[in-house]
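Novice: Supplied in structure tokens, the structure appears directly below.
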Amino acid sequence: MGKDEAPPFAEAWIEKVANYRETLTQARPDVLVMIGSDHFHQLWLNAMPQFLVGNAPFYDANYYNEAREFGLPQLLLRGDVELGNFILEKGLEIGFDLAFSNELRVDHSITCPIFTIRPEADLPIVPIYTNIFAPPLPQPKRFVDLGIAIRNIVEAWPSDKRVAIIGTGHLSLELGGPRQFGPHGPDPEFDAKAVQWISKGMINEALAEVTLESLHKPGNATHGFMDFMLMMGVAKGQVADYADTLDLFHTMEAYFTWYPEGD
């Protein structure tokens with residue numbers, strides 16, 4: 001795409017992503033635990049887990065429609081089976097009966113974060129999929145609790161490898177509805193409140209207002225905000241070390257980083 005063809009927000013987006021990428025580079029990770037959601041590519045209504053851990057040595061990445069519609073290349077990503085097994089086993093011990101797949105193919109919820117903040121795609125991953133699309137959905141508190149559990153499990157892993165936990169989610173988002181293509185997200189008031197909750201570690205305040213029913217109001221695809229709530233659980237209420245936002249033509253992008261205390 002030439003410069004004249006680029007959307008008006010392109011330069012700002014490139015700058016913000018470059019700044020955000022540096023927050024991961026500074027962490028010097030060896031493994032990436034990737035939180036995302038399958039967009040009805042591999043997981044369908046005949047077998048829809050609420051939470052699923054990828055546990056394979058390699059992952060084919062991106063699907064035909066993603067290449068056709070978005071120009072995303074197909075990838076082959078390495079996995080970390082040792083960490084995947086550890087998450088599954090410890091999850092069972094603490095009350096999370098996580099599903100798993102040894103033959104998972106991941107989609108853009110995993111690859112787009114890699115393209116933007118680790119474009120070398122050189123680190124092994126452990127993908128964790130959440131169900132934000134196919135009711136009945138887990139309650140928002142279950143997402144927070146899973147985030148706390150993932151943090152505790154990763155910290156208990158007897159390895160010298162440095163692990164970064166990366167999550168993608170939505171603020172207000174409308175897909176296929178009348179508010180889809182506005183100059184910003186469909187509910188700026190919700191977005192402002194959500195950014196404050198996330199950046200300031202306001203888990204209890206978010207849980208007091210967010211329900212499965214309330215998430216329909218900001219936009220019909222806003223249930224992806226629960227993946228952000230999962231990341232708030234990972235951070236355990238810590239104030240974000242880095243926070244930034246960018247209004248795009250249909251949604252607000254938001255970028256947050258937390259470093260473990262003392263790291």
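Novice: Can you tell me how many residues within the range 48-79 are touching a strand residue (DSSP E or B) at 6+ places or on another chain (Cβ under 9 Å) and more than 14 Å from residue 121 (Cβ to Cβ)?
Specialist: Here the count works out to 9.
Novice: Of all residues in the range 236-256, how many are closer than 17 Å to residue 147 by Cβ, assigned to a loop (DSSP other than H, G, I, E, B) and in contact with a Ser or Thr (Cβ under 8 Å, 6 or more places away or on another chain)?
Specialist: 3
Novice: If you take the residues of the range 108-164 that are farther than 19 Å from residue 95 by Cβ and of a type in the set (Gly, Ala, Ser), which of them is surrounded by the most Cβ atoms within 10 Å (Cβ to Cβ)?
Specialist: Filtering the range 108-164 for residues that are farther than 19 Å from residue 95 by Cβ and of a type in the set (Gly, Ala, Ser), the one surrounded by the most Cβ atoms within 10 Å (Cβ to Cβ) comes out as 109.
Novice: While we're on this one: Just checking, which of 201, 233, 185 is at pLDDT below 95 and either on the phi > 0 side of the Ramachandran plot or surrounded by 16 or more Cβ atoms within 10 Å (Cβ to Cβ) (or both)?
Specialist: On the way: 201 fails: at pLDDT below 95; 233 fails: at pLDDT below 95.
That would be 185, the only listed residue that is at pLDDT below 95 and either on the phi > 0 side of the Ramachandran plot or surrounded by 16 or more Cβ atoms within 10 Å (Cβ to Cβ) (or both).
Novice: Same structure again: Tally time: how many residues in the range 8-34 are outside any helix (DSSP H, G or I), modelled with pLDDT under 90 and surrounded by 11 or more Cβ atoms within 10 Å (Cβ to Cβ)?
Specialist: Pass one, the range 8-34, residues outside any helix (DSSP H, G or I): 8-9, 28-34.
Add one more test, that the residue is modelled with pLDDT under 90, and what stays is 8-9.
With the extra rule that they be surrounded by 11 or more Cβ atoms within 10 Å (Cβ to Cβ), the set shrinks to 9.
Qualifying residue count, the range 8-34: 1.
Novice: Condition first: out of contact with any helix residue (DSSP H, G or I) (no Cβ under 8 Å at 6 or more places or on another chain), part of a loop (DSSP other than H, G, I, E, B), over 30 Å from residue 85 (Cβ atoms) and not aliphatic (A, V, I, L, M). Can you find one or more residues in the range 152-169 that meet it?
Specialist: Looking for residues that are out of contact with any helix residue (DSSP H, G or I) (no Cβ under 8 Å at 6 or more places or on another chain), part of a loop (DSSP other than H, G, I, E, B), over 30 Å from residue 85 (Cβ atoms) and not aliphatic (A, V, I, L, M), one finds none in the range 152-169, hence no.
Novice: Working only within the range 211-235, note down all residues that are out of contact with any Leu (no Cβ under 9 Å at 6 or more places or on another chain) and part of a loop (DSSP other than H, G, I, E, B).
Specialist: Within the range 211-235, 211, 213, 217 meet the criteria.
Novice: Hey, another quick one. Among the residues of the range 104-122, are any under 30 Å from residue 214 (Cβ atoms), without any contact (Cβ under 8 Å) to a residue 12 or more places away in the chain and more than 18 Å from the chain's Cα centre (by Cα)?
Specialist: No; the residues of the range 104-122 include none that is under 30 Å from residue 214 (Cβ atoms), without any contact (Cβ under 8 Å) to a residue 12 or more places away in the chain and more than 18 Å from the chain's Cα centre (by Cα).
Novice: So the check is Cβ under 6 Å with 6+ separation or different chains; which pairs have a first residue in the range 71-87 that's assigned to a helix (DSSP H, G or I) and a second one that's among the aromatic types (Phe, Trp, Tyr)?
Specialist: Close Cβ pairs (under 6 Å, with a partner that is among the aromatic types (Phe, Trp, Tyr)) amount to 86/157.
Novice: So residue 78 fits all but one of (1) surrounded by fewer than 16 Cβ atoms within 10 Å (Cβ to Cβ); (2) among the basic types (Lys, Arg); (3) within 29 Å of residue 245 (Cα to Cα); what number is the exception?
Specialist: Against the list (1) surrounded by fewer than 16 Cβ atoms within 10 Å (Cβ to Cβ); (2) among the basic types (Lys, Arg); (3) within 29 Å of residue 245 (Cα to Cα), residue 78 comes up short only on (3).
Yes/no matrix, rows are residues, columns are (1) at pLDDT below 95; (2) under 27 Å from residue 28 (Cβ atoms); (3) among the polar types (S, T, N, Q):
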site	(1), (2), (3)
65	yes, no, yes
68	yes, no, no
80	no, yes, no
87	no, yes, no
99	no, no, no
113	yes, yes, no
139	no, no, yes
159	no, yes, yes
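Novice: Return the residues of the range 49-70 that are surrounded by 15 or more Cβ atoms within 10 Å (Cβ to Cβ) and part of a loop (DSSP other than H, G, I, E, B); say none if nothing qualifies.
Specialist: Listed by number, the residues that qualify are 49, 50, 55, 56, 62, 63.
Novice: Here's a check for you: in the range 88-107, which residue that is assigned to a helix (DSSP H, G or I) and not acidic (Asp, Glu) is surrounded by the most Cβ atoms within 10 Å (Cβ to Cβ)? Give the steps one after another, and end with the answer.
Specialist: Restricting attention to the range 88-107, the residues satisfying the condition of being assigned to a helix (DSSP H, G or I) are 88-93.
Next cut, not acidic (Asp, Glu) only: 88, 90-92.
Working: 88: 18, 90: 18, 91: 20, 92: 11.
Checked the range 88-107; the qualifying residue surrounded by the most Cβ atoms within 10 Å (Cβ to Cβ) is 91.
Novice: Could I ask something else about it? Among 173, 215, which is the only one that is of a type in the set (A, V, I, L, M, F, W, C), buried (at least 22 other Cβ atoms within 10 Å of the Cβ) and modelled with pLDDT under 95? Explain how you work it out, then say what you get.
Specialist: Details: 215 fails: modelled with pLDDT under 95.
On inspection, the qualifying residue turns out to be 173.
Novice: Restricting the search to the range 157-200, which residues are farther than 13 Å from residue 217 by Cβ, of a type in the set (D, E, K, R) and more than 21 Å from the chain's Cα centre (by Cα)?
Specialist: Scanning the range 157-200 gives 160, 161.
The values are calculated or read from the model by the stated rules, or taken from the named source; none is laboratory data. Values in this document were obtained by computation on a predicted structure and should not be read as measured data. FYI the Cβ positions are ideal-geometry reconstructions off the backbone, even for glycines, and counts take in every protein chain you see.
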